[in-house]
Amino acid sequence: MARAFLVVMDSVGIGGAPDAGRYFNKDLPDLGANTVAHIAQACAEGRAEEGRSGPLRLPTLDALGLGAAVQLASNQPAPGLDAKPTGLWGAASEVSAGKDTPSGHWELAGLPVPWDWSYFSEDGAAFDKELVAHVAEAAGTTGILGNCHASGTTIIADLGAEHMKTGLPICYTSADSVFQIAAHEECFGLERLLKLCADVAPYLHARKVGRVIARPFVGTPEEGFSRTTNRRDFAIRPPAPILTDWVRASGGRVHGIGKIGDIFSMQGIDTLEKGSDAALMEHLSEAVQQAEEGSLTFANFVEFDSLYGHRRDISGYARALEWFDREIARVLDQLRDGDLMILTADHGNDPSWPGTDHTREQVPVLVAGAGTGTIGAVQFADVAASVAAHLDVPSQGPGRSFLP
(Lines give C-alpha, C1' and ligand atoms only; values in the text may rest on other atoms or scores of the structure.)
Protein backbone atom coordinates (compact mmCIF):
# COMPACT_ATOMS: atom_id res chain seq x y z
CA MET A 1 0.00 0.00 0.00
CA ALA A 2 0.96 3.65 -0.43
CA ARG A 3 1.05 6.69 1.85
CA ALA A 4 0.25 10.33 1.05
CA PHE A 5 1.37 13.61 2.64
CA LEU A 6 -0.48 16.81 1.70
CA VAL A 7 1.35 19.90 2.96
CA VAL A 8 -0.21 23.37 2.70
CA MET A 9 2.22 26.30 2.84
CA ASP A 10 -0.39 28.77 4.01
CA SER A 11 -0.58 31.83 1.70
CA VAL A 12 2.42 30.96 -0.54
CA GLY A 13 0.77 32.16 -3.74
CA ILE A 14 2.38 32.59 -7.16
CA GLY A 15 0.18 35.23 -8.79
CA GLY A 16 -1.82 35.00 -11.98
CA ALA A 17 -5.30 34.19 -10.66
CA PRO A 18 -7.58 34.70 -13.67
CA ASP A 19 -10.24 36.40 -11.55
CA ALA A 20 -7.93 38.50 -9.33
CA GLY A 21 -9.64 41.68 -10.51
CA ARG A 22 -12.76 40.69 -8.57
CA TYR A 23 -10.92 40.61 -5.23
CA PHE A 24 -9.67 43.62 -3.32
CA ASN A 25 -7.44 44.96 -0.57
CA LYS A 26 -9.42 48.07 0.37
CA ASP A 27 -10.08 49.70 -3.02
CA LEU A 28 -7.18 48.05 -4.85
CA PRO A 29 -7.89 44.89 -6.89
CA ASP A 30 -5.50 41.97 -6.48
CA LEU A 31 -4.40 42.16 -10.12
CA GLY A 32 -0.63 41.76 -10.15
CA ALA A 33 -0.30 40.41 -6.62
CA ASN A 34 2.33 37.66 -6.47
CA THR A 35 3.57 36.50 -3.08
CA VAL A 36 6.60 34.44 -4.14
CA ALA A 37 7.74 36.60 -7.07
CA HIS A 38 7.54 39.87 -5.15
CA ILE A 39 9.44 38.43 -2.18
CA ALA A 40 12.14 37.12 -4.55
CA GLN A 41 12.36 40.49 -6.27
CA ALA A 42 12.63 42.34 -2.95
CA CYS A 43 15.40 39.99 -1.78
CA ALA A 44 17.35 40.43 -5.03
CA GLU A 45 17.07 44.22 -4.71
CA GLY A 46 18.28 44.29 -1.09
CA ARG A 47 14.85 45.19 0.34
CA ALA A 48 14.56 42.15 2.62
CA GLU A 49 17.66 42.33 4.81
CA GLU A 50 16.17 41.98 8.31
CA GLY A 51 17.47 38.74 9.81
CA ARG A 52 18.68 37.49 6.43
CA SER A 53 20.53 38.83 3.40
CA GLY A 54 20.84 38.53 -0.35
CA PRO A 55 18.76 36.73 -2.98
CA LEU A 56 15.96 34.41 -1.91
CA ARG A 57 17.42 30.91 -1.48
CA LEU A 58 14.93 28.07 -1.85
CA PRO A 59 16.93 25.24 -3.47
CA THR A 60 14.60 22.44 -2.33
CA LEU A 61 11.33 24.03 -3.41
CA ASP A 62 12.88 25.38 -6.60
CA ALA A 63 14.20 21.94 -7.54
CA LEU A 64 10.67 20.58 -7.13
CA GLY A 65 9.43 23.25 -9.54
CA LEU A 66 8.55 26.42 -7.59
CA GLY A 67 10.26 28.87 -9.94
CA ALA A 68 8.81 27.11 -12.97
CA ALA A 69 5.34 27.26 -11.38
CA VAL A 70 5.68 31.04 -10.84
CA GLN A 71 6.52 31.44 -14.51
CA LEU A 72 3.61 29.25 -15.57
CA ALA A 73 1.08 31.07 -13.40
CA SER A 74 2.11 34.67 -13.87
CA ASN A 75 5.17 35.00 -16.12
CA GLN A 76 6.70 37.29 -13.49
CA PRO A 77 10.43 37.15 -12.75
CA ALA A 78 11.38 35.43 -9.48
CA PRO A 79 15.14 36.07 -9.14
CA GLY A 80 17.05 33.09 -7.82
CA LEU A 81 14.27 30.60 -8.64
CA ASP A 82 15.47 29.27 -11.97
CA ALA A 83 16.27 25.60 -11.34
CA LYS A 84 15.36 22.88 -13.79
CA PRO A 85 12.61 20.96 -11.92
CA THR A 86 13.34 17.44 -10.74
CA GLY A 87 9.80 16.89 -9.45
CA LEU A 88 6.31 16.95 -10.88
CA TRP A 89 5.04 20.52 -10.85
CA GLY A 90 2.26 22.86 -11.91
CA ALA A 91 0.02 25.72 -10.83
CA ALA A 92 -3.53 25.51 -9.47
CA SER A 93 -6.48 27.92 -9.66
CA GLU A 94 -9.42 28.11 -7.25
CA VAL A 95 -13.08 28.25 -8.31
CA SER A 96 -14.62 28.93 -4.87
CA ALA A 97 -15.71 32.51 -4.30
CA GLY A 98 -13.22 33.40 -1.59
CA LYS A 99 -9.54 33.91 -0.86
CA ASP A 100 -9.65 32.60 2.67
CA THR A 101 -8.45 29.55 4.57
CA PRO A 102 -11.66 27.45 4.54
CA SER A 103 -12.34 28.07 0.84
CA GLY A 104 -8.84 27.05 -0.19
CA HIS A 105 -8.61 24.02 2.08
CA TRP A 106 -12.11 22.72 1.32
CA GLU A 107 -11.37 22.86 -2.39
CA LEU A 108 -7.94 21.25 -1.99
CA ALA A 109 -9.85 18.49 -0.16
CA GLY A 110 -12.18 18.06 -3.13
CA LEU A 111 -15.14 20.28 -2.18
CA PRO A 112 -15.52 23.70 -3.81
CA VAL A 113 -17.52 25.93 -1.45
CA PRO A 114 -21.20 25.57 -2.50
CA TRP A 115 -22.31 29.01 -1.26
CA ASP A 116 -21.15 32.59 -0.87
CA TRP A 117 -19.65 33.42 2.51
CA SER A 118 -21.03 36.28 4.57
CA TYR A 119 -18.76 39.23 5.29
CA PHE A 120 -19.06 42.18 7.66
CA SER A 121 -19.27 45.81 6.61
CA GLU A 122 -16.21 48.02 6.90
CA ASP A 123 -18.41 51.12 7.24
CA GLY A 124 -19.49 51.99 10.78
CA ALA A 125 -20.15 49.18 13.23
CA ALA A 126 -19.18 45.80 11.78
CA PHE A 127 -21.81 43.82 13.71
CA ASP A 128 -25.55 44.43 13.95
CA LYS A 129 -27.34 44.91 17.26
CA GLU A 130 -28.82 41.40 17.22
CA LEU A 131 -25.39 39.78 16.87
CA VAL A 132 -23.87 41.99 19.56
CA ALA A 133 -26.69 41.13 21.94
CA HIS A 134 -26.31 37.41 21.19
CA VAL A 135 -22.57 37.46 21.93
CA ALA A 136 -22.96 39.57 25.08
CA GLU A 137 -25.63 37.23 26.43
CA ALA A 138 -23.44 34.20 25.75
CA ALA A 139 -20.50 35.93 27.45
CA GLY A 140 -22.57 37.06 30.43
CA THR A 141 -21.51 40.66 29.86
CA THR A 142 -23.28 43.96 29.21
CA GLY A 143 -21.72 44.33 25.77
CA ILE A 144 -18.58 43.93 23.69
CA LEU A 145 -15.54 45.98 22.75
CA GLY A 146 -14.26 46.53 19.23
CA ASN A 147 -17.10 45.87 16.77
CA CYS A 148 -14.90 46.72 13.81
CA HIS A 149 -12.43 45.52 11.19
CA ALA A 150 -9.01 45.40 12.80
CA SER A 151 -5.57 43.85 12.99
CA GLY A 152 -5.49 41.34 15.83
CA THR A 153 -2.26 42.66 17.30
CA THR A 154 -3.35 46.30 17.00
CA ILE A 155 -6.74 45.82 18.61
CA ILE A 156 -5.40 44.11 21.72
CA ALA A 157 -2.85 46.90 22.07
CA ASP A 158 -5.64 49.46 21.78
CA LEU A 159 -8.32 47.73 23.87
CA GLY A 160 -6.45 45.27 26.09
CA ALA A 161 -6.42 47.54 29.11
CA GLU A 162 -10.12 48.38 28.78
CA HIS A 163 -10.90 44.69 28.36
CA MET A 164 -9.05 43.85 31.58
CA LYS A 165 -10.89 46.65 33.42
CA THR A 166 -14.43 45.94 32.12
CA GLY A 167 -14.36 42.21 31.37
CA LEU A 168 -15.98 42.82 27.97
CA PRO A 169 -14.75 40.54 25.14
CA ILE A 170 -12.98 42.20 22.22
CA CYS A 171 -14.85 41.31 19.01
CA TYR A 172 -13.55 42.16 15.55
CA THR A 173 -13.35 40.87 12.00
CA SER A 174 -11.25 41.10 8.85
CA ALA A 175 -11.77 40.89 5.11
CA ASP A 176 -12.32 37.15 5.58
CA SER A 177 -15.62 35.62 6.63
CA VAL A 178 -14.66 35.52 10.30
CA PHE A 179 -15.84 36.64 13.73
CA GLN A 180 -12.90 36.91 16.10
CA ILE A 181 -13.01 37.18 19.88
CA ALA A 182 -9.92 38.24 21.80
CA ALA A 183 -9.71 37.87 25.57
CA HIS A 184 -7.03 37.76 28.25
CA GLU A 185 -6.16 34.19 29.23
CA GLU A 186 -5.94 35.03 32.92
CA CYS A 187 -8.42 37.88 33.48
CA PHE A 188 -11.17 36.52 31.22
CA GLY A 189 -10.04 32.90 31.23
CA LEU A 190 -8.98 30.66 28.36
CA GLU A 191 -11.68 28.03 28.92
CA ARG A 192 -14.33 30.73 29.19
CA LEU A 193 -13.16 32.22 25.88
CA LEU A 194 -13.23 28.84 24.13
CA LYS A 195 -16.71 28.11 25.50
CA LEU A 196 -17.94 31.52 24.35
CA CYS A 197 -16.69 30.89 20.82
CA ALA A 198 -18.22 27.41 20.77
CA ASP A 199 -21.54 28.79 22.03
CA VAL A 200 -21.85 31.56 19.43
CA ALA A 201 -20.43 29.58 16.49
CA PRO A 202 -23.73 27.87 15.49
CA TYR A 203 -25.49 31.25 15.30
CA LEU A 204 -22.76 32.68 13.06
CA HIS A 205 -22.47 29.55 10.96
CA ALA A 206 -26.20 29.79 10.23
CA ARG A 207 -25.41 33.21 8.77
CA LYS A 208 -22.70 31.57 6.59
CA VAL A 209 -19.86 33.20 8.51
CA GLY A 210 -17.05 30.72 7.94
CA ARG A 211 -15.21 30.78 11.26
CA VAL A 212 -15.41 31.99 14.82
CA ILE A 213 -11.85 32.39 16.07
CA ALA A 214 -10.72 32.47 19.70
CA ARG A 215 -7.76 34.86 20.04
CA PRO A 216 -6.36 34.55 23.58
CA PHE A 217 -3.63 36.90 24.74
CA VAL A 218 -1.54 37.64 27.82
CA GLY A 219 0.35 40.62 29.20
CA THR A 220 -0.26 43.91 30.97
CA PRO A 221 -0.97 47.49 29.88
CA GLU A 222 2.43 48.49 31.22
CA GLU A 223 4.49 45.79 29.49
CA GLY A 224 2.27 45.22 26.47
CA PHE A 225 0.13 42.35 25.22
CA SER A 226 0.93 39.35 23.05
CA ARG A 227 -1.22 36.62 21.55
CA THR A 228 -0.64 33.04 22.64
CA THR A 229 -0.55 29.78 20.69
CA ASN A 230 -3.91 28.74 22.17
CA ARG A 231 -5.86 30.12 19.23
CA ARG A 232 -8.74 27.92 18.14
CA ASP A 233 -10.97 28.12 15.07
CA PHE A 234 -14.60 27.02 15.16
CA ALA A 235 -15.38 26.46 11.48
CA ILE A 236 -18.46 25.42 9.56
CA ARG A 237 -18.33 21.70 8.91
CA PRO A 238 -18.03 20.79 5.22
CA PRO A 239 -21.53 19.91 3.96
CA ALA A 240 -20.37 16.88 1.95
CA PRO A 241 -17.65 14.20 2.22
CA ILE A 242 -14.11 15.47 1.65
CA LEU A 243 -10.75 13.83 1.04
CA THR A 244 -10.34 12.91 4.71
CA ASP A 245 -13.71 11.13 4.64
CA TRP A 246 -12.85 9.33 1.41
CA VAL A 247 -9.65 7.94 2.92
CA ARG A 248 -11.30 6.81 6.16
CA ALA A 249 -14.21 5.22 4.30
CA SER A 250 -11.67 3.07 2.48
CA GLY A 251 -10.03 1.97 5.71
CA GLY A 252 -7.14 4.41 5.86
CA ARG A 253 -6.20 6.63 8.79
CA VAL A 254 -5.95 10.41 8.56
CA HIS A 255 -3.48 12.47 10.58
CA GLY A 256 -3.91 16.23 10.87
CA ILE A 257 -1.03 18.61 11.61
CA GLY A 258 -1.57 22.28 12.46
CA LYS A 259 -4.84 24.08 11.70
CA ILE A 260 -6.28 21.15 9.76
CA GLY A 261 -8.45 19.97 12.65
CA ASP A 262 -9.96 23.42 13.13
CA ILE A 263 -10.49 24.07 9.42
CA PHE A 264 -12.44 20.85 8.93
CA SER A 265 -13.96 20.66 12.43
CA MET A 266 -12.10 17.32 12.76
CA GLN A 267 -14.23 15.83 9.97
CA GLY A 268 -12.57 12.59 8.88
CA ILE A 269 -9.47 13.14 11.04
CA ASP A 270 -8.15 10.48 13.43
CA THR A 271 -5.27 12.31 15.13
CA LEU A 272 -4.19 15.92 15.41
CA GLU A 273 -0.91 17.62 16.35
CA LYS A 274 -0.70 21.38 16.90
CA GLY A 275 1.98 23.94 17.79
CA SER A 276 4.35 26.45 16.21
CA ASP A 277 5.56 25.82 12.67
CA ALA A 278 8.85 24.54 14.09
CA ALA A 279 6.96 22.02 16.22
CA LEU A 280 4.74 21.10 13.27
CA MET A 281 7.78 20.32 11.13
CA GLU A 282 8.89 17.82 13.76
CA HIS A 283 5.40 16.29 13.78
CA LEU A 284 5.53 16.02 9.99
CA SER A 285 8.93 14.34 10.19
CA GLU A 286 7.55 11.88 12.74
CA ALA A 287 4.56 11.17 10.51
CA VAL A 288 6.82 10.40 7.55
CA GLN A 289 8.71 7.96 9.74
CA GLN A 290 5.71 6.37 11.46
CA ALA A 291 2.47 6.81 9.50
CA GLU A 292 0.66 3.64 8.50
CA GLU A 293 0.40 2.28 4.99
CA GLY A 294 -2.72 3.60 3.30
CA SER A 295 -2.76 6.74 5.45
CA LEU A 296 -3.07 10.44 4.65
CA THR A 297 -1.17 13.08 6.60
CA PHE A 298 -2.64 16.55 6.01
CA ALA A 299 -0.56 19.48 7.31
CA ASN A 300 -0.84 23.26 7.37
CA PHE A 301 2.07 25.61 8.09
CA VAL A 302 0.38 28.89 8.99
CA GLU A 303 3.13 31.27 10.08
CA PHE A 304 3.93 32.51 6.55
CA ASP A 305 0.43 33.96 6.63
CA SER A 306 -0.24 34.83 10.26
CA LEU A 307 3.14 36.29 11.22
CA TYR A 308 4.39 37.82 7.98
CA GLY A 309 1.81 38.07 5.19
CA HIS A 310 -0.87 39.97 7.07
CA ARG A 311 1.77 42.15 8.70
CA ARG A 312 3.33 42.91 5.31
CA ASP A 313 6.74 41.81 6.55
CA ILE A 314 8.76 40.91 3.46
CA SER A 315 11.96 40.04 5.34
CA GLY A 316 10.08 37.86 7.81
CA TYR A 317 8.24 36.04 5.03
CA ALA A 318 11.53 35.44 3.20
CA ARG A 319 13.13 34.09 6.40
CA ALA A 320 10.16 31.75 6.90
CA LEU A 321 10.39 30.46 3.34
CA GLU A 322 14.12 29.80 3.64
CA TRP A 323 13.63 28.04 6.98
CA PHE A 324 10.87 25.88 5.50
CA ASP A 325 13.00 25.05 2.47
CA ARG A 326 15.85 23.80 4.68
CA GLU A 327 13.57 21.79 6.94
CA ILE A 328 11.39 20.22 4.27
CA ALA A 329 14.55 18.92 2.55
CA ARG A 330 15.19 16.80 5.62
CA VAL A 331 11.62 15.50 5.60
CA LEU A 332 11.67 14.71 1.89
CA ASP A 333 14.80 12.61 2.41
CA GLN A 334 12.81 10.43 4.83
CA LEU A 335 10.11 9.48 2.31
CA ARG A 336 9.81 5.78 1.47
CA ASP A 337 9.41 4.20 -1.93
CA GLY A 338 5.75 4.51 -2.86
CA ASP A 339 5.16 7.67 -0.79
CA LEU A 340 3.61 10.80 -2.33
CA MET A 341 4.12 14.30 -0.95
CA ILE A 342 2.31 17.30 -2.44
CA LEU A 343 3.36 20.80 -1.39
CA THR A 344 0.82 23.49 -2.23
CA ALA A 345 -0.96 26.55 -0.79
CA ASP A 346 -4.50 27.76 -0.12
CA HIS A 347 -4.33 31.41 -1.33
CA GLY A 348 -1.81 34.25 -1.49
CA ASN A 349 -0.82 36.95 1.00
CA ASP A 350 1.62 39.18 -0.84
CA PRO A 351 3.63 41.06 1.82
CA SER A 352 4.51 43.75 -0.71
CA TRP A 353 0.84 44.49 -1.45
CA PRO A 354 -1.15 47.38 0.05
CA GLY A 355 -3.60 46.50 2.82
CA THR A 356 -3.46 43.54 5.18
CA ASP A 357 -5.75 41.01 3.49
CA HIS A 358 -5.04 37.80 1.59
CA THR A 359 -4.46 38.15 -2.15
CA ARG A 360 -6.25 36.14 -4.83
CA GLU A 361 -3.53 34.09 -6.55
CA GLN A 362 -2.80 30.76 -8.13
CA VAL A 363 -0.77 28.38 -5.97
CA PRO A 364 2.14 26.03 -6.67
CA VAL A 365 1.62 22.29 -6.87
CA LEU A 366 4.95 20.58 -6.17
CA VAL A 367 4.94 16.78 -6.13
CA ALA A 368 7.61 14.44 -4.77
CA GLY A 369 7.35 10.72 -5.41
CA ALA A 370 5.58 10.83 -8.77
CA GLY A 371 8.36 11.39 -11.26
CA THR A 372 9.41 14.52 -13.13
CA GLY A 373 7.58 16.81 -15.50
CA THR A 374 4.88 19.44 -15.73
CA ILE A 375 1.20 18.93 -14.95
CA GLY A 376 0.47 22.41 -16.30
CA ALA A 377 -2.49 24.45 -15.10
CA VAL A 378 -4.80 22.48 -12.81
CA GLN A 379 -7.60 23.11 -10.32
CA PHE A 380 -7.44 23.01 -6.52
CA ALA A 381 -9.82 20.04 -6.50
CA ASP A 382 -7.39 18.08 -8.69
CA VAL A 383 -5.09 17.86 -5.66
CA ALA A 384 -7.67 15.81 -3.74
CA ALA A 385 -8.35 13.61 -6.76
CA SER A 386 -4.62 12.95 -7.15
CA VAL A 387 -4.15 12.00 -3.50
CA ALA A 388 -7.15 9.69 -3.78
CA ALA A 389 -5.73 8.10 -6.92
CA HIS A 390 -2.38 7.51 -5.22
CA LEU A 391 -4.07 5.86 -2.23
CA ASP A 392 -6.43 3.93 -4.52
CA VAL A 393 -9.57 5.32 -2.87
CA PRO A 394 -12.66 6.56 -4.76
CA SER A 395 -12.74 10.29 -5.43
CA GLN A 396 -16.12 11.91 -4.78
CA GLY A 397 -15.24 15.44 -5.90
CA PRO A 398 -15.08 17.24 -9.26
CA GLY A 399 -11.29 17.04 -9.59
CA ARG A 400 -9.21 14.88 -11.89
CA SER A 401 -5.91 13.24 -10.97
CA PHE A 402 -2.82 14.82 -12.49
CA LEU A 403 -0.55 11.91 -11.55
CA PRO A 404 1.14 10.07 -14.41
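The values are calculated or read from the model by the stated rules, or taken from the named source; none is laboratory data. Bear in mind that the values here come from a model prediction, so they are computed numbers and not experimental data. Here the Cβ positions follow ideal geometry from the backbone for every residue, glycine too, while neighbour counts run over all protein chains shown. Ligands, DNA and RNA are excluded from the accessible area calculation, which covers all protein heavy atoms including side chains. Shrake-Rupley method; radii C 1.70, N 1.55, O 1.52, S 1.80 Å.
Below, the figures for the structure above:
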item: Extension gain (nm, one decimal) between K165 and D128, 0.36 nm per residue minus Cα-Cα; result: 10.9 nm
item: Check: region 206-313 dipole with +1 on Lys, Arg Cβ and -1 on Asp, Glu Cβ, in debye; result: 700
item: Residue (of V302, W106, T344) at the positive-pole extreme of the chain, dipole from beta-carbon charges; result: W106
item: Over region 132-177, relative contact order from alpha-carbon pairs under 8 Å, at least 6 apart, %; result: 43
item: DSSP beta bridges in the chain [antiparallel fraction, %, rounded to 5]; result: 40
item: Cβ-placed point charges (K, R +1; D, E -1), dipole of region 16-109 about Cα centre in debye, nearest 20; result: 160
item: Solvent exposure, largest accessible area first (probe 1.4 Å, DNA, RNA and ligands not counted), of H105, H390; result: H390, H105
item: Principal-axis tilt of helix 129-139 within the chain, Cα atoms, nearest 10 degrees; result: 90
item: Over the chain, relative contact order from alpha-carbon pairs under 8 Å, at least 6 apart, %; result: 30
item: Region 52-132: GluC sites (Glu not before Pro) in DSSP coil with no more than 14 other Cβ atoms inside 10 Å; result: E122
item: Carbon/sulfur fraction of accessible area - region 1-109, other protein chains in place, 1.4 Å, %; result: 56
item: For region 310-389: rounded, prolate or oblate by the Cα gyration tensor [a/c cutoff 1.5]; result: oblate
item: Check: the chain dipole with +1 on Lys, Arg Cβ and -1 on Asp, Glu Cβ, in debye; result: 340
item: For region 32-146: relative contact order, % (alpha-carbon pairs under 8 angstrom, 6 or more apart); result: 16
item: Long-range amide H partners of E361 with built H, under 5 Å; result: G348
item: Dipole of the chain [Lys/Arg +1, Asp/Glu -1 at C-beta], most positive-end residue of V12, M164, A249; result: A249
